[in-house]
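Take a look at the structure below.
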Ligand code: NDP
(Lines give C-alpha, C1' and ligand atoms only; values in the text may rest on other atoms or scores of the structure.)
Protein backbone atom coordinates (compact mmCIF):
# COMPACT_ATOMS: atom_id res chain seq x y z
CA UNK A 1 0.00 0.00 0.00
CA UNK A 2 0.98 3.62 -0.25
CA UNK A 3 -0.21 4.48 3.25
CA UNK A 4 0.51 8.08 4.03
CA UNK A 5 -0.78 7.96 7.57
CA UNK A 6 0.75 6.17 10.51
CA UNK A 7 0.39 5.94 14.28
CA UNK A 8 3.48 6.06 16.51
CA UNK A 9 3.10 4.90 20.12
CA UNK A 10 6.03 5.49 22.48
CA UNK A 11 7.94 8.75 22.32
CA UNK A 12 11.30 7.98 23.85
CA UNK A 13 14.29 9.17 21.82
CA UNK A 14 13.62 6.48 19.20
CA UNK A 15 9.87 7.02 18.85
CA UNK A 16 10.35 10.79 18.60
CA UNK A 17 12.94 10.32 15.83
CA UNK A 18 10.54 7.96 14.02
CA UNK A 19 7.57 10.30 14.23
CA UNK A 20 9.85 13.11 13.03
CA UNK A 21 10.99 11.06 10.03
CA UNK A 22 7.34 10.46 9.04
CA UNK A 23 6.52 14.15 9.37
CA UNK A 24 9.57 14.95 7.21
CA UNK A 25 8.13 12.67 4.51
CA UNK A 26 4.70 14.30 4.66
CA UNK A 27 2.87 11.52 6.50
CA UNK A 28 -0.13 12.21 8.67
CA UNK A 29 1.12 11.14 12.10
CA UNK A 30 -1.00 10.22 15.11
CA UNK A 31 0.84 9.91 18.42
CA UNK A 32 0.30 8.52 21.87
CA UNK A 33 2.71 8.53 24.79
CA UNK A 34 2.24 7.83 28.50
CA UNK A 35 3.92 11.16 29.21
CA UNK A 36 2.07 13.47 26.79
CA UNK A 37 4.54 16.36 27.13
CA UNK A 38 7.10 14.44 25.03
CA UNK A 39 4.81 14.95 22.03
CA UNK A 40 4.90 18.77 22.17
CA UNK A 41 7.54 19.43 19.51
CA UNK A 42 5.99 16.87 17.13
CA UNK A 43 2.52 18.36 17.60
CA UNK A 44 3.96 21.78 16.80
CA UNK A 45 5.21 20.22 13.54
CA UNK A 46 1.73 18.94 12.66
CA UNK A 47 1.31 15.58 14.39
CA UNK A 48 -1.97 14.75 16.12
CA UNK A 49 -1.77 13.66 19.78
CA UNK A 50 -4.43 11.07 20.61
CA UNK A 51 -6.08 11.14 24.03
CA UNK A 52 -5.74 7.39 24.63
CA UNK A 53 -3.99 4.31 23.19
CA UNK A 54 -7.38 3.21 21.77
CA UNK A 55 -7.82 6.48 19.90
CA UNK A 56 -4.25 6.23 18.55
CA UNK A 57 -4.71 2.63 17.38
CA UNK A 58 -8.10 3.39 15.84
CA UNK A 59 -6.63 6.23 13.75
CA UNK A 60 -4.55 4.10 11.36
CA UNK A 61 -4.09 0.57 10.06
CA UNK A 62 -0.34 0.76 10.68
CA UNK A 63 0.72 1.28 14.29
CA UNK A 64 4.44 1.60 15.08
CA UNK A 65 5.33 0.90 18.71
CA UNK A 66 8.65 2.03 20.17
CA UNK A 67 8.45 1.14 23.86
CA UNK A 68 11.10 0.14 26.40
CA UNK A 69 10.20 -3.55 26.29
CA UNK A 70 7.29 -5.95 25.92
CA UNK A 71 5.99 -5.31 29.46
CA UNK A 72 5.34 -1.75 28.32
CA UNK A 73 3.78 -3.12 25.10
CA UNK A 74 1.22 -5.16 27.09
CA UNK A 75 0.76 -2.27 29.50
CA UNK A 76 -0.27 0.03 26.66
CA UNK A 77 -2.16 -2.37 24.37
CA UNK A 78 -3.82 -4.35 27.18
CA UNK A 79 -6.03 -1.32 27.76
CA UNK A 80 -7.16 -1.16 24.13
CA UNK A 81 -10.56 -2.66 23.24
CA UNK A 82 -9.93 -5.82 21.15
CA UNK A 83 -12.51 -4.57 18.66
CA UNK A 84 -10.25 -1.59 18.02
CA UNK A 85 -7.17 -3.80 17.62
CA UNK A 86 -8.80 -6.13 15.08
CA UNK A 87 -7.41 -5.70 11.58
CA UNK A 88 -4.46 -3.56 12.66
CA UNK A 89 -0.80 -4.11 11.79
CA UNK A 90 1.28 -3.57 14.92
CA UNK A 91 4.94 -2.94 14.16
CA UNK A 92 6.64 -3.80 17.42
CA UNK A 93 10.03 -2.11 17.52
CA UNK A 94 10.52 -2.62 21.26
CA UNK A 95 13.60 -4.73 22.01
CA UNK A 96 13.14 -8.03 23.83
CA UNK A 97 13.84 -11.75 23.48
CA UNK A 98 12.74 -13.95 20.53
CA UNK A 99 10.50 -15.89 22.93
CA UNK A 100 8.70 -12.76 24.08
CA UNK A 101 8.34 -11.59 20.46
CA UNK A 102 6.61 -14.90 19.58
CA UNK A 103 4.32 -14.68 22.63
CA UNK A 104 3.37 -11.13 21.71
CA UNK A 105 2.65 -12.12 18.10
CA UNK A 106 0.27 -14.82 19.39
CA UNK A 107 -1.34 -12.33 21.82
CA UNK A 108 -1.86 -9.90 18.95
CA UNK A 109 -3.24 -12.63 16.65
CA UNK A 110 -5.79 -13.65 19.32
CA UNK A 111 -7.16 -10.11 18.99
CA UNK A 112 -7.49 -10.32 15.21
CA UNK A 113 -4.44 -8.17 14.48
CA UNK A 114 -0.99 -8.90 13.06
CA UNK A 115 2.39 -8.16 14.60
CA UNK A 116 5.48 -7.38 12.57
CA UNK A 117 8.48 -7.71 14.86
CA UNK A 118 11.33 -5.28 14.33
CA UNK A 119 14.81 -4.92 15.72
CA UNK A 120 16.43 -1.59 15.03
CA UNK A 121 20.22 -1.44 15.00
CA UNK A 122 20.64 2.30 14.92
CA UNK A 123 20.54 5.08 17.50
CA UNK A 124 17.95 7.86 17.09
CA UNK A 125 20.37 9.85 14.89
CA UNK A 126 20.24 7.07 12.27
CA UNK A 127 16.43 7.04 12.01
CA UNK A 128 15.36 8.46 8.64
CA UNK A 129 18.56 7.23 6.96
CA UNK A 130 18.02 4.35 4.49
CA UNK A 131 21.61 3.22 5.15
CA UNK A 132 20.62 2.34 8.75
CA UNK A 133 19.66 -1.25 9.38
CA UNK A 134 16.71 -2.98 11.00
CA UNK A 135 15.48 -6.56 11.03
CA UNK A 136 11.85 -7.47 10.46
CA UNK A 137 9.93 -10.73 10.74
CA UNK A 138 6.32 -11.87 10.59
CA UNK A 139 3.87 -12.60 7.76
CA UNK A 140 5.67 -11.87 4.48
CA UNK A 141 2.70 -10.35 2.63
CA UNK A 142 2.03 -7.98 5.52
CA UNK A 143 5.68 -6.93 5.59
CA UNK A 144 5.73 -6.42 1.81
CA UNK A 145 2.53 -4.36 1.95
CA UNK A 146 4.12 -1.96 4.45
CA UNK A 147 7.77 -2.11 3.40
CA UNK A 148 7.58 1.35 1.86
CA UNK A 149 6.27 2.94 5.06
CA UNK A 150 8.83 1.10 7.20
CA UNK A 151 11.63 2.16 4.83
CA UNK A 152 11.03 5.76 5.87
CA UNK A 153 12.64 4.82 9.19
CA UNK A 154 15.64 2.68 8.19
CA UNK A 155 16.71 0.09 5.66
CA UNK A 156 14.63 -3.08 6.08
CA UNK A 157 16.07 -6.59 6.28
CA UNK A 158 13.21 -9.14 6.26
CA UNK A 159 14.38 -12.32 8.05
CA UNK A 160 11.34 -14.59 7.69
CA UNK A 161 7.86 -15.51 8.89
CA UNK A 162 8.72 -16.58 12.45
CA UNK A 163 7.93 -13.51 14.59
CA UNK A 164 10.94 -14.28 16.80
CA UNK A 165 13.48 -13.97 13.97
CA UNK A 166 13.87 -10.19 13.99
CA UNK A 167 14.44 -10.28 17.75
CA UNK A 168 16.88 -13.18 17.33
CA UNK A 169 18.97 -11.39 14.71
CA UNK A 170 18.90 -8.28 16.88
CA UNK A 171 20.18 -10.29 19.86
CA UNK A 172 22.84 -12.00 17.71
CA UNK A 173 24.13 -8.53 16.96
CA UNK A 174 23.97 -7.50 20.59
CA UNK A 175 25.90 -10.59 21.76
CA UNK A 176 28.79 -9.52 19.55
CA UNK A 177 28.36 -5.82 20.22
CA UNK A 178 28.39 -5.93 24.03
CA UNK A 179 31.21 -8.46 24.15
CA UNK A 180 33.43 -6.49 21.76
CA UNK A 181 32.57 -3.15 23.37
CA UNK A 182 33.38 -4.53 26.84
CA UNK A 183 36.80 -5.51 25.49
CA UNK A 184 37.22 -1.92 24.36
CA UNK A 185 36.34 -0.57 27.84
CA UNK A 186 38.80 -3.07 29.32
CA UNK A 187 41.61 -1.86 27.02
CA UNK A 188 40.89 1.79 27.85
CA UNK A 189 41.08 1.02 31.59
CA UNK A 190 44.38 -0.83 31.12
CA UNK A 191 45.75 1.96 28.93
CA UNK A 192 44.70 4.54 31.53
CA UNK A 193 46.59 2.64 34.25
CA UNK A 194 49.68 3.42 32.17
CA UNK A 195 48.79 7.04 31.44
CA UNK A 196 47.64 6.32 27.88
CA UNK A 197 44.46 8.10 26.80
CA UNK A 198 41.54 6.72 24.80
CA UNK A 199 42.56 9.19 22.09
CA UNK A 200 46.05 7.73 21.86
CA UNK A 201 44.57 4.22 21.76
CA UNK A 202 41.98 5.21 19.14
CA UNK A 203 43.78 4.16 15.90
CA UNK A 204 44.84 0.84 17.48
CA UNK A 205 41.33 0.19 18.81
CA UNK A 206 39.88 0.81 15.35
CA UNK A 207 42.10 -1.80 13.79
CA UNK A 208 41.82 -4.33 16.66
CA UNK A 209 38.00 -4.16 16.66
CA UNK A 210 37.81 -4.58 12.89
CA UNK A 211 37.37 -8.35 12.80
CA UNK A 212 36.19 -8.59 9.18
CA UNK A 213 39.04 -10.76 7.98
CA UNK A 214 38.60 -13.19 10.90
CA UNK A 215 34.86 -13.48 10.25
CA UNK A 216 35.44 -14.12 6.55
CA UNK A 217 38.14 -16.68 7.26
CA UNK A 218 36.30 -18.63 9.99
CA UNK A 219 32.68 -18.62 8.76
CA UNK A 220 33.13 -21.20 5.95
CA UNK A 221 35.49 -23.31 8.05
CA UNK A 222 33.09 -23.43 11.02
CA UNK A 223 30.17 -24.31 8.73
CA UNK A 224 32.28 -27.14 7.31
CA UNK A 225 33.03 -28.37 10.86
CA UNK A 226 36.71 -27.60 10.28
CA UNK A 227 38.48 -26.52 13.48
CA UNK A 228 41.98 -27.57 12.45
CA UNK A 229 44.96 -26.09 14.28
CA UNK A 230 46.72 -25.18 11.04
CA UNK A 231 46.46 -21.41 11.59
CA UNK A 232 45.87 -21.00 15.32
CA UNK A 233 45.78 -23.39 18.27
CA UNK A 234 43.55 -23.02 21.32
CA UNK A 235 46.54 -23.94 23.54
CA UNK A 236 48.32 -20.87 22.14
CA UNK A 237 45.13 -18.83 22.69
CA UNK A 238 45.01 -19.94 26.34
CA UNK A 239 48.62 -18.83 26.95
CA UNK A 240 47.84 -15.50 25.27
CA UNK A 241 44.65 -15.01 27.32
CA UNK A 242 46.67 -15.66 30.51
CA UNK A 243 49.18 -12.99 29.48
CA UNK A 244 46.28 -10.58 28.98
CA UNK A 245 44.88 -11.41 32.44
CA UNK A 246 48.26 -10.94 34.13
CA UNK A 247 48.95 -7.67 32.30
CA UNK A 248 45.56 -6.39 33.50
CA UNK A 249 45.87 -7.54 37.13
CA UNK A 250 49.55 -6.41 37.35
CA UNK A 251 48.25 -2.93 36.50
CA UNK A 252 45.68 -3.09 39.32
CA UNK A 253 42.81 -3.08 36.84
CA UNK A 254 39.65 -5.19 37.29
CA UNK A 255 40.31 -8.60 35.75
CA UNK A 256 36.84 -10.19 35.76
CA UNK A 257 36.42 -10.06 31.98
CA UNK A 258 39.86 -11.46 30.99
CA UNK A 259 39.50 -14.08 33.77
CA UNK A 260 36.24 -15.22 32.17
CA UNK A 261 38.06 -15.60 28.85
CA UNK A 262 40.91 -17.57 30.45
CA UNK A 263 38.27 -19.81 32.08
CA UNK A 264 36.54 -20.40 28.73
CA UNK A 265 39.79 -21.19 26.92
CA UNK A 266 40.98 -23.46 29.77
CA UNK A 267 37.73 -25.44 29.68
CA UNK A 268 38.20 -25.80 25.93
CA UNK A 269 41.74 -27.11 26.37
CA UNK A 270 40.57 -29.48 29.13
CA UNK A 271 37.84 -30.77 26.84
CA UNK A 272 40.54 -31.81 24.38
CA UNK A 273 40.39 -28.93 21.90
CA UNK A 274 43.89 -27.56 22.70
CA UNK A 275 45.49 -28.66 19.43
CA UNK A 276 42.59 -27.37 17.34
CA UNK A 277 41.73 -23.80 16.39
CA UNK A 278 40.19 -21.51 19.00
CA UNK A 279 37.09 -21.77 16.77
CA UNK A 280 36.53 -25.18 18.41
CA UNK A 281 35.23 -23.17 21.39
CA UNK A 282 32.03 -23.04 19.33
CA UNK A 283 31.70 -26.80 19.91
CA UNK A 284 32.34 -26.36 23.65
CA UNK A 285 29.77 -23.55 23.89
CA UNK A 286 27.12 -25.58 22.02
CA UNK A 287 27.40 -28.43 24.52
CA UNK A 288 26.48 -26.36 27.59
P1 LIG B 1 12.93 4.68 26.12
O2 LIG B 1 12.99 3.62 27.13
O3 LIG B 1 13.61 5.96 26.36
O4 LIG B 1 11.41 5.09 25.71
C5 LIG B 1 10.47 4.17 25.75
C6 LIG B 1 9.05 4.63 25.63
O7 LIG B 1 8.38 3.61 26.34
C8 LIG B 1 8.66 5.96 26.25
O9 LIG B 1 7.71 6.52 25.39
C10 LIG B 1 8.02 5.53 27.57
O11 LIG B 1 6.98 6.38 27.99
C12 LIG B 1 7.43 4.21 27.18
N13 LIG B 1 7.16 3.32 28.30
C14 LIG B 1 8.05 2.62 29.06
N15 LIG B 1 7.41 1.89 29.97
C16 LIG B 1 6.07 2.11 29.78
C17 LIG B 1 4.91 1.64 30.41
N18 LIG B 1 4.98 0.75 31.41
N19 LIG B 1 3.73 2.08 29.94
C20 LIG B 1 3.67 2.97 28.93
N21 LIG B 1 4.73 3.44 28.30
C22 LIG B 1 5.93 3.02 28.71
O23 LIG B 1 13.44 3.96 24.83
P24 LIG B 1 14.06 4.46 23.44
O25 LIG B 1 13.16 5.42 22.77
O26 LIG B 1 15.50 4.81 23.62
O27 LIG B 1 14.02 3.06 22.68
C28 LIG B 1 12.81 2.40 22.37
C29 LIG B 1 13.12 0.97 21.97
O30 LIG B 1 14.08 0.98 20.91
C31 LIG B 1 13.73 0.15 23.10
O32 LIG B 1 13.22 -1.15 23.05
C33 LIG B 1 15.21 0.15 22.79
O34 LIG B 1 15.85 -1.02 23.26
C35 LIG B 1 15.21 0.20 21.27
N36 LIG B 1 16.40 0.81 20.72
C37 LIG B 1 16.90 1.97 21.23
C38 LIG B 1 18.04 2.56 20.70
C39 LIG B 1 18.58 3.84 21.26
O40 LIG B 1 19.71 4.22 20.90
N41 LIG B 1 17.85 4.57 22.08
C42 LIG B 1 18.76 1.94 19.59
C43 LIG B 1 18.12 0.76 19.05
C44 LIG B 1 16.99 0.20 19.63
P45 LIG B 1 7.26 7.70 28.87
O46 LIG B 1 7.74 8.75 27.89
O47 LIG B 1 5.96 8.01 29.48
O48 LIG B 1 8.33 7.33 29.88
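The values are calculated or read from the model by the stated rules, or taken from the named source; none is laboratory data. What you see is a predicted model, and the numbers here were worked out from it, not measured in a lab. Note that each Cβ is placed from the backbone with ideal geometry, even for glycine, and that neighbours are counted across all protein chains shown.
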Is it fair to say residue 80 is surrounded by 18 or more Cβ atoms within 10 Å (Cβ to Cβ), more than 16 Å from the ligand (Cβ to nearest atom) and under 16 Å from residue 56 (Cα atoms)?
no
Please give the number of the condition residue 101 fails out of (1) more than 14 Å from the chain's Cα centre (by Cα); (2) touching a residue at least 60 places away in the same chain (Cβ under 8 Å).
(1)
Give the residues of the stretch 85-102 that are part of a helix (DSSP H, G or I) and either within 16 Å of the ligand (Cβ to nearest atom) or buried (at least 24 other Cβ atoms within 10 Å of the Cβ) (or both), sorted by residue number.
98, 99, 100, 101
Among (1) outside any helix (DSSP H, G or I); (2) more than 12 Å from the ligand (Cβ to nearest atom); (3) closer than 24 Å to residue 143 by Cα, the one test that residue 57 misses
(1)
Which of (1) over 19 Å from the mean Cα position of the chain (by Cα); (2) free of Cβ contacts under 8 Å to residues at least 40 places away in the same chain; (3) within 14 Å of the ligand (Cβ to nearest atom) is the odd one out, the single condition residue 73 does not satisfy?
(1)
Taking the stretch 134-151 on its own, how many of its residues are surrounded by fewer than 17 Cβ atoms within 10 Å (Cβ to Cβ) and not in a helix (DSSP H, G or I)?
2
Check on residue 259, farther than 30 Å from residue 133 by Cβ and at pLDDT 95 or above:
yes
Determine the pairs where a residue that is near the ligand (Cβ under 10 Å from one of its atoms), located within the stretch 123-143, has a partner that is part of a strand (DSSP E or B) with Cβ atoms under 7 Å apart, the partner being 6 or more residues away or on another chain.
134/118; 134/119; 134/120; 134/157
Is it true that some residue in the stretch 62-69 is surrounded by fewer than 22 Cβ atoms within 10 Å (Cβ to Cβ) and near the ligand (Cβ under 9 Å from one of its atoms)?
yes
Out of the stretch 34-61, which residues are within 22 Å of residue 101 (Cβ to Cβ), surrounded by 21 or more Cβ atoms within 10 Å (Cβ to Cβ) and in contact with a helix residue (DSSP H, G or I) (Cβ under 8 Å, 6 or more places away or on another chain)?
53, 57
Within the stretch 1-20, can you find the residues that are away from the ligand (no atom under 14 Å from the Cβ) and touching a residue at least 40 places away in the same chain (Cβ under 8 Å)?
1, 2, 3, 5, 6
Scan the stretch 21-54 residue by residue and report those that are within 21 Å of residue 146 (Cα to Cα), in a loop (DSSP other than H, G, I, E, B) and either within 14 Å of the ligand (Cβ to nearest atom) or without any contact (Cβ under 8 Å) to a residue 60 or more places away in the chain (or both).
26, 47
